[in-house]
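Engineer: Supplied in structure tokens, the structure appears directly below.
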Amino acid sequence: MVRADAELAKKEYVQVEDLIEMPMVIASRDLRSELGSWFGDAFDHLHIMAKGNLPYNEAMMVSSGIGIAICIQLHCAYEDLKFIPLYPAVETRTALVWKKDQIFPPTTAAFIEFIRQYIADVTDRKK
């Protein structure tokens, strides 16, 4: 994610060489395992200005000029910010877990059912 007035905003996608020495905001979790192979030897030379774990906060840091954010693209938009994909694309996995046979509040139960249905629909489309 970059400011709309940044040079990178003109690009269709960004590559490792575009990000060397670029001030960055990254997720707090360990990205070496997820992005280490994408960045290769350049990973040790990244200019990390801040770490965060909330996309909104990362977007506000980018908006204020702290740097660009290496983040996943969510279905949200921030005024004057632009998401530019990495090339080659980086894919990551995520997992949702919950205790078996636990009684959940109605909203949590509805969310779990929504996820189950969504996964079933995606699986059916791939067949």
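Engineer: Which of Asp44, Asp101, Asp80 moves the most in a Gaussian network model of the chain with Cα springs under 10 Å?
Structural biologist: Asp101
Engineer: Also, quick follow-up: Order Arg3, Arg125 by their accessible area, 1.4 angstrom probe, all chains in place, largest first. Please list the in-between numbers first.
Structural biologist: Values: Arg3 85, Arg125 170 Å².
The most accessible residue leads, giving Arg125, Arg3.
Engineer: Here's another thing I want to ask about it. What's the carbon and sulfur percent of the chain's accessible surface, probe 1.4 angstrom, rounded to a whole number? Walk me through the numbers before you get to the answer.
Structural biologist: Values: 5200 of 9550 Å².
Reported share for carbon and sulfur atoms: 54 percent.
Engineer: Once you've got the GNM for the chain with C-alpha springs shorter than 10 Å, pick whichever of Arg93, Arg29, Arg116 has the biggest mean-square fluctuation.
Structural biologist: Arg116
Engineer: Using Cα pairs under 8 angstrom and six or more residues apart, how large is the relative contact order of the chain, in percent?
Structural biologist: Numbers: 134 pairs, mean separation 42.7, N = 127.
Rounded, it is 34 percent for the chain.
Engineer: Evaluate E = 1/(1 + (r/R0)^6) for Ala109 and Ser37, where r is the Cβ-Cβ distance and R0 equals 41 Å; express this FRET efficiency to the nearest 0.05. List each step's numbers first, then the result.
Structural biologist: Numbers: r = 38 Å, r/R0 = 0.94.
Using R0 = 41 Å, I get an efficiency of 0.60.
Engineer: Something else about it: Whole number in Å², please: accessible area per residue of the chain, 1.4 Å probe, ligands, DNA and RNA not counted. Each step should come with its number before you reach the end.
Structural biologist: On the way: 9550 Å² over 127 residues.
With the other protein chains kept in place, the chain gives 75 Å² per residue.
Engineer: From the mean inverse distance of alpha carbon pairs (Kirkwood) and the Cα radius of gyration, derive Rg over Rh for the stretch 1-111. Please list the in-between numbers first.
Structural biologist: Details: Rg = 16.4 Å, Rh = 15.6 Å.
Rg/Rh for the stretch 1-111 comes to 1.05.
Engineer: Net charge near Asp18, counting Lys/Arg +1 and Asp/Glu -1 over other residues with Cβ under 13 Å of its Cβ?
Structural biologist: Values: positive: Lys10, Lys11; negative: Glu7, Glu12, Glu17, Glu21.
With Lys, Arg at +1 and Asp, Glu at -1, the neighbours total -2.
Engineer: If you don't mind, another one. Can I get the semi-axes of the stretch 15-73's equivalent ellipsoid? Compute them from the C-alpha gyration tensor as square roots of 5 times the eigenvalues, in angstrom, largest first.
Structural biologist: Values: eigenvalues 69, 34, 16 Å².
They are 19, 13, 9 Å, listed from largest to smallest.
Engineer: Angle between the Cα long axis of helix 106-126 and the longest principal axis of the chain, 0 to 90 degrees, nearest 10?
Structural biologist: 80
Engineer: Counting pairs of Cα atoms in the stretch 54-103, how many percent are more than 12 Å apart?
Structural biologist: On the way: 881 of 1225 pairs.
Value for the stretch 54-103 (Cα pairs over 12 Å): 72 percent.
The values are calculated or read from the model by the stated rules, or taken from the named source; none is laboratory data. Predicted, not measured: the structure shown is a model, and the values here were computed from it. Here Cβ is always computed from backbone atoms with ideal geometry, including for glycine, and neighbour counts include all displayed protein chains. Accessible surface is based on the protein model in full, side chains and every heavy atom, while ligands, DNA and RNA are left aside. Shrake-Rupley method; radii C 1.70, N 1.55, O 1.52, S 1.80 Å.
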